[in-house]
């Protein structure tokens, strides 16, 4: 019977040390991959020193709008008892990335699914933020427009207070600096706000402070790296 | 300047292969740890082959109700520029586990915080469930009582539909079987329900199906291992 493996991918070749040994062992045994982007997947497989010639591996791209080719590949693999690996461009497949649809199909087909341990910027950001990890919610992207973003942030602040829940979201890199500015304008003094960038990379950093402290020492400009943002206004917030 | 490292710990000594090499490199350089339970931490440090005699390491327990000793340890370390590692009993410190309070203090003190990649049952369960990872919420524990649990599950089902958000929760092992029973009674036919147990362990498994499918082929009794539960009734749910 096939197993569908979910394989986290590091953000760059210089972060291969974040992959646990058993992930590489599984990777080396696979010759069929369904991936977010074939070019990135080939680079990763080469950097991970997959023992087979990369050109001999079956690598099929997922298309979020048209699942047919990836589904066909998965169904053929299941029919022949072949194992398959799913990989996104970086991070964990299915977490703020494509892949979940195929995992659902695998469960419906009754095959084994195994997610492997690896880097997730959302999880690392939450751990590193010092905000509560007892309850949390990830929202994906908020509004890209300044005024609506302010409203979104105040709404999440209310939810955080009512549910005692850390709120996590992401934004495209070129809007990161705007998110910080709007957060400092919109959130209340005792609300914690934080961001993490380049996690597991050379410029890795996570910053997290109450808004009143940010206002005294504003953060350095965020630059154009992807960022994870967090806010918390729950019972256990330090003041 | 000190760095505060957040160090994930595997669920057992037989899951050491889930730790990435750079985590061990960091671990070997540390001689001061603030931990959920000293006994477990010593076992882990021994299994991880920490180069120093375990008795020579400073290991201070966190007490969720009384933070004073752990805070004192962290403040002394910061004052002397010493690095500190935080470890919970298993999994990621601060995620459904203690540790976040100390991370908040570290940010207030302006020292560097770095979360390391390692096993998280919540993240593995979400990846493996095939439910949406574009938006999700973790709620900790729901009600331990049967009738209230049914209400909680129906409420989360509503939230999942309204927010297009996967709902994740945990329960103490001896109530796992009840959660499955109540979910099958309470949730609607097209809602996906899943559970994961012993992730990264020898009996690792994740099962995830629509309620109508579960009703035709009910799950095997869950046994007394800790479980992560998930439900999803969003737009992208397979039917």
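The values are calculated or read from the model by the stated rules, or taken from the named source; none is laboratory data. Since we're looking at a predicted model, the values are computed, not measured. Methodologically, a virtual Cβ is constructed for each residue, glycine included, from the backbone with ideal geometry; neighbour enumeration extends over all protein chains shown.
Computed values, structure above
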| quantity | calculated |
| --- | --- |
| Flag if residue B:135 is facing another protein chain (nearest Cβ under 8 Å) and surrounded by fewer than 23 Cβ atoms within 10 Å (Cβ to Cβ) | yes |
| Residue in region B:168-189 that is over 24 Å from residue B:151 (Cβ atoms) and buried (at least 17 other Cβ atoms within 10 Å of the Cβ) present | no |
| Subset of region B:196-236 that is without any contact (Cβ under 8 Å) to a residue 60 or more places away in the chain and in a strand (DSSP E or B) - its residue that is surrounded by the most Cβ atoms within 10 Å (Cβ to Cβ) | B:227 |
| Test for residue A:140: is it at the interface with chain B (Cβ under 7 Å from one of its Cβ atoms), surrounded by fewer than 20 Cβ atoms within 10 Å (Cβ to Cβ) and in contact (Cβ under 8 Å) with a residue 40 or more places away in the chain | yes |
| Meets criteria (more than 14 Å from chain B (Cβ to nearest Cβ), touching a residue at least 12 places away in the same chain (Cβ under 8 Å), surrounded by 19 or more Cβ atoms within 10 Å (Cβ to Cβ) and farther than 18 Å from residue A:16 by Cβ) for residue A:77 | yes |
| Region B:93-126, residues that are out of contact with any strand residue (DSSP E or B) (no Cβ under 7 Å at 6 or more places or on another chain), outside any helix (DSSP H, G or I) and under 24 Å from residue A:235 (Cα atoms) | B:98, B:110 |
| Residue within region B:144-162 that is at pLDDT 95 or above, within 14 Å of chain A (Cβ to nearest Cβ) and in contact with a helix residue (DSSP H, G or I) (Cβ under 8 Å, 6 or more places away or on another chain) present | no |
| Tally, over region B:35-68, of residues that are over 21 Å from residue B:92 (Cβ atoms) and in contact with a strand residue (DSSP E or B) (Cβ under 6 Å, 6 or more places away or on another chain) | 1 |
| Unique match (being buried (at least 24 other Cβ atoms within 10 Å of the Cβ) and more than 7 Å from chain B (Cβ to nearest Cβ)) among A:94, A:99 | A:99 |
| Residue match in region B:15-32 (condition: touching a strand residue (DSSP E or B) at 6+ places or on another chain (Cβ under 6 Å) and more than 14 Å from chain A (Cβ to nearest Cβ)) | yes |
| Residue in region B:101-112 that is farther than 23 Å from residue B:34 by Cα and touching a helix residue (DSSP H, G or I) at 6+ places or on another chain (Cβ under 9 Å) present | no |
